[in-house]
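Heads up, the thing below is written out as structure tokens.
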Amino acid sequence: MTTRSKRAELRSTETSETSYHDVYIAVMGCTGSGKSSFIELCTGQDAGVGHGLESCTTDVQEYSFVYESRYLIHLVDTPGFDDTHRSDADVLRDIACWMGTVYMQEARLAGIIYLHPITDNRMRGSARRNLRMFKKLCGEECFPKIVLASTFWSSIDVVTGQRYERELIDTESFWGYMTQRGSSVMRHTDCKDQKSAFAILQYILSQSLEKQDIPLAIQREMVDQSKSINDTAAGQSVDEELRQQRQRFEREIQIMIREKEEALMKRDLEGAREAETTRLEYEEKLKKSRQASEELRTSLSDMQAQLAQRLRDLEEEVEKKRAEIEGMQKQSQHFQDELKIEAETTTLHARTEELTRHKKGIFGKISGYYTQGSAWLDANPNAVRHMKTAAKVAAIFTATFAKSPNTSKVANALLSSTGHSEGAKVSFDRTQTSQPSSFRDSVGDSIEDDQARQPSMSSSRLNRRSSTSEALLYQEMKGTQMRLLRLRNNGSEKITESADIGDLIIVDLNSGTLPQYTALSYTWGKEDRPNRMIVSGNTIMLTNNLFDILQTIQSARTRSNSGGLCDLVQKPLMNYIWIDAICINQDDKNEKKSQVDLMASIFGQASLTLVWWGPAAHNSDLAMDWLTSTANIPQAYFEQISDSEMLSRVYDRSAWEALCGVLMRPYFRRRWIIEEVVLSKHALIVCGYRTLEWETFILGWDRTFGTLANILFHHKMLTTTADVETIGAINIFQFRRKRGMEISLFEALTRNRRCNTLKHRDRVFAFRAMCSNKEAERLRALDYTTDIKHIFTQQTLCHLELWDNLDILCVCHHMVRRVPPKVMFEKDGMLSFPDNPIHAQAEPLAKLPTWVPNWTSPRTMWRLGPASMAGDSKWQPVFNAAAGTVPNIMNLDDAERSGSLHVTGTRVDSVHSVSTLTPMWHPKQRDPCDDFWLECWELCRRIPLQLTPFTTESDRLDAFWRTITLGGRRVGTNHLFTIEFIRYFCYDFFLRSQKKSPLVQQLERYGFGPVPIPPQSKWFEEKDVPKLFFSITQPPIIFDGLPEFRFFVTASGRMGMGPSEIRVGDDLYVLRGCSSPLVLRRAANHSTGSQIQGEAYIHGFMFGEAFELVGHGVLEEQVVVLV
């Protein structure tokens, strides 16, 4: 209860015959001394007693009660100077404000009770500080008004308590100094002992009548002398403690900066991140300490004005809460009314569902009759050309199935499917009882004469009839249910047109009776479905690729051969098979959504995943045999033999080309196969009639494409190759899942940018089930049928929320142009990929924010990120521009609606000049053209050396070498070359080998001569580097990804490589939590927003240097609005 309200309530009880004498007593002490308990015991009012380690009193509060019918005692509860929620400066401000206010109202303190728990066997640092501040507040003149009361005597034996009490009284720095100057010592024996509490109050009342009222020191200083808080004795004491505290924080910050620098030198990113986190914590504490010192420079009038404003704000908030409660009450009544309506609606729905099930049962019975008629009409497509014949057919159909409900509807559907007009529909007399023995016999005589004249039925009508049949085939599924195809063996070697291949059954993935089944992983091929099959008595249409698979399985059942697929099809697990095109109703969007959510369980619980590579062709059997034989060779053998022995004993050119042909099949470009194989318990490859365990294939693939391909390349014998990105990704993800290592959806999308999907939304959904549990659960709410923009945006926001980094922004770019498709290399030894992601077109997405990656674009890749095949460790980026800082996102919940993302970062520079040339490929080698190098160096030289961060021209040249090699990273790894090796390779090996290089001539004029070759042990900055598959005569630095970059120079003379869209005037930022710097450009249609142009390599800002400059005050952090 507030001071004024309680006082007014008690005053209102006064009568003309009663008059109370106001007595003010302050209750002080450290946290846990029992202040609130003491007040509650005296007043009988709830003072919010705390029982934990945290303080309960957070503000100065007044509790009033009538004592002995004469005194209106006001006990003032004050927070301690060791408060767990507030600083000493805040506590002092509140106490000073209250003391000054009551003093101005001419109210005087009759006494002060200072409580101390006798159970403390020593005076803690916080207790000493609290007592010291108490002395400064009161002043020596007021010591006689103070009662030093010890509490909690019931929690300690009397002898020990007396010893502690004597120590408090005898020690001058404790109670001794105060008792010598008039303070009294008393005991409050127990928190329930009201007698001892009132004894203390009685003593103060008796003393107040005898002694003159003397104001406290803080009251005299602030009211009589008009001092601000920091000029008072208590304020100076707090200010001195804050000053010492700031000095301690500044020392700790310097220690953390040194520890971070040492960690970065050792490449200990985790240690650097921890040091940076600790440094930021101390900086926050330092900021609060400085703010507290500023708040002490406040006068009493200012504090009273602030308090009045605070009270007004609280009153407004109370009014708002009251209005909210009234609104909620009205809403509650509205909800109750709706619940009544909903209950009635539920009853109606239940009745409707019952009628619907009855209706489905009726149509289920006639579906078989309809199928028989449909099958016969398929065999006699000229049957119902004329109206007269159609009427006969309908009449005979009705006579045959007179007992079936809705017969006229089925017959009219038959007439419609044969192209007759609405007017030709017939009403049937269901009282007919004569039924022919055979439907075929009855109808055949009537239409025999018309067959010769009737043209064949069009494919569109067949498809329409198939759609009607499929609608009857798929029954509704719920929850974790799915369908399985129970294969039927008809005994023939081949499946003919309209053959009955099996029945669909519905099973529950969570039931204990789930049969053994095989899940099929394959590629659809072309979307058209020309092949007609019968499933559960209904006609369905299949693609050519799926028809070939079923044909091969049926053929394997009848072949006399043993081994491979022929043995597999005889096993029980092949009796039931899950095929998405058959087991999922492709025309039902809701069913597709629910089944996509179950994909992980479908493949995870399958006894076998059959990986269909396609039919045997182009020496595929040779490739399968070579993979098996190569996988059986121990890895140690490859490490011991020389390249020449490898080529003579292992290499087989025919087998190599056959394997490349197999791996170039469409299966390896389908995105869904990655999830299907990774989630499988047991994956078996089938190519024709040959089978191969997936683990055996991976071993063989690693021996061939992991070791042999490097040797062939460096010996210029690589005549053909294949894009193995998908296989590498599967291998990595399997490795990571088996070891419990989390996979982010962002990583999966970045590693597999080349994979194809029929629908762009599948680029996200195809990887959702195999990513980390927290991300999969978060994205489970995504609707498969929603628009692509929402899916991509939600994936981005999910990453930002769960992974504590902004690295996903590195793959964002604002495309203003597209590179036209073209062939990159000539045919001499290099294979050209027409759909290389560098040259592929991107599907435009309207109004997609630049902070959301466009995963439909093959250009969406992280060029400065982790190595694409670094699967044996955590997926960490090479660079660490953010210095391990945690991102600060301010509007995550509102980002999608507003279209903007508010983050914090620092602007490190701006673009001063950009190269006009891009590093186009030389037609004979994978190196940038010399004209590009020369232009880049001339751009650097335009800025005088004294205006750059470099000391000498040699330093600038080394920075130039680092920049044009994107930091000197070894392609495909996270290893960085040393500057000695980069200097040798770029200058001596690459440029000097071109005798007429203009750049070499220019550098030699500046005095740069030959560079010695460093020993191989000095090639890398890291100590532990895997075996090198190259020598100095083969270029180990392939300038991978450079065609997507342009060279630029910043306003301060730094160098960098940025996206091809970069232009003069663009801003360069390093954002908290983002591993690479970003190029931003002011948005034309947004007052404060910027658009991401792409990531950039900026020499000197790739390893946390930006935030070090922020710490030294050179750069400033700011809010960045991305749109």
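The values are calculated or read from the model by the stated rules, or taken from the named source; none is laboratory data. Remember, it's a predicted structure, so these values are computed and weren't measured experimentally. As a convention, Cβ positions derive from the backbone with ideal geometry for all residues, glycine included, and neighbour counts pool all protein chains shown. Only protein heavy atoms, including side chains, enter the accessible area calculation; ligands, DNA and RNA are left aside. Shrake-Rupley method; radii C 1.70, N 1.55, O 1.52, S 1.80 Å.
Quick look at the numbers
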| item | result |
| --- | --- |
| Cβ-derived FRET efficiency at R0 60 Å, Glu326 paired with Ser910, nearest 0.05 | 0.65 |
| Added length on full extension, which subtracts the Cα-Cα distance from 0.36 nm per residue, Met890 to Arg128 | 270.2 nm |
| With DNA, RNA and ligands ignored, accessible area of Thr916 (1.4 Å probe; Å², nearest 10) | 110 |
| Accessible-area value, His912, 1.4 Å probe, nucleic acids and ligands omitted, Å² | 100 |
| Rounded percent of accessible protein surface that carbon and sulfur make up, segment 640-698, 1.4 Å probe | 46 |
| Heavy-atom SASA rank of Val535, Val66 (probe 1.4 Å, accessible area, largest first) | Val66, Val535 |
| Accessible-area ranking of Arg942, Arg322, Arg649, largest first, probe 1.4 Å | Arg942, Arg649, Arg322 |
| For Gly1089, residues with placed amide H under 5 Å, excluding near neighbours | Ala1083 |
| Cross-link pairs Lys593/Lys738; Lys145/Lys287; Lys494/Lys738; Lys330/Lys789; Lys192/Lys321; Lys35/Lys227 - those with Cα-Cα distance over 31 Å | Lys145/Lys287; Lys494/Lys738; Lys330/Lys789; Lys192/Lys321 |
| With every protein chain in place, segment 183-240: carbon and sulfur % of accessible area (1.4 Å) | 47 |
| Heavy-atom accessible area order for His682, His358, largest first, 1.4 Å probe | His358, His682 |
